[in-house]
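Following: one structure in C-alpha cells, then a few remarks.
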Amino acid sequence: MSAWTFIHSAELVAEPVDSRSYHPIPPLALPDSLNFSQVVARAQSVTAKPTWRVGCSLILSVPLELGEQIQNVQGHQFSVLLGRWQVLAVPQWLTDYRIAIEVPYWIQDLTIELYGANQPAPSSVGDGASYSRQFTAADLEDGVLVLRHNLNAYPTSVTVWNADLESIFPYGVRATGLNTVEIDLDGAEIVGTWLASLEV
C-alpha cells in the first residue's frame, strides 16, 4: 500500500467584528496543482456544536481555456465531516487539479489536514449508499482489513473508528474490485471492537 504524502494543513479562524458577530472564514485556495488519486482529509473545530456534521467542502477544479482566458472550473466537490479521517477517491478523469477549501459560515474555527496518495483505486459515481462492519484484530490478514460489500460501486469515502469512537488514519486504502476494499492497518494497536465504514 502506498504511503501518504503531506499536502496542506491550516488553522482557520473567523474574524470577529464584535462580541456577537464575525466575518465568516473566507475560502482558501491551495496554490499547487495536484494529481493524487486519493486524498485523505480531517477537519476539526473547537467551537462546533455536537450536532454539526460537515466541517468544510473540498472543491477540486481544473484549468479550462474559455476563449482567450483560462478559468478554473469546478470538477468535483467533497464534504469533509467533522472529527474523522476520510479517504476520498478522486474521479479518474480529474487530473492536475487544484483544491479550494470552503468553510460553512456558521463554523468559527477549523483545523484542516490533507494528505494524498496514488493508489490503483478506480473511481465511481456514488449514489449515497453506505456499508459498515465491526472488526477486531483477529479479522486482519497480515495487517490488512479486507471488506467485502454488496454496494456494486467503488467507495468515495472510507472511515475507520477505534473502540473509543475516535477516527483512525489508515496507512493505505485500495479498492481491489467493485465490491472489495483493503484497508492497511498494519502496526495499529487494535484493542476491542473497531468499526469501518464506506460511502459511495
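Bear in mind that the values in this text are calculations on the coordinates, not laboratory data. These numbers were taken from a predicted model, which means no experiment stands behind them. In this analysis, Cβ positions are derived from the backbone assuming ideal geometry, glycine residues included, and neighbour counts consider all displayed protein chains.
Calculated on the Cα set of the chain, radius of gyration then Dmax: 17.8, 60 Å. Shape class for the stretch 68-109: oblate, because the ratio a/c of the largest to smallest gyration tensor axis (alpha-carbon atoms, square roots of eigenvalues) is 1.5 or more and b/c is at least a/b. Each residue, SER79 and GLU189, gets one label point 7 Å from its Cα in the Cβ direction; the gap between the two is 3.5 nm.
In terms of the mean number of neighbouring beta-carbon atoms within 10 Å, the peptides 102-110, 86-94, 3-11 order highest first as 86-94, 102-110, 3-11. Segment ALA129..VAL13, full-extension length gain: 38.4 nm, with 0.36 nm per residue of separation and the alpha-carbon distance subtracted.
Extension gain, ASN35 to ASN179, is 49.3 nm, computed as 0.36 nm per intervening residue step minus the present C-alpha separation. Computed on the Cα atoms alone, the convex hull of the stretch 51-161 gives a volume of 159 cubic angstrom per residue.
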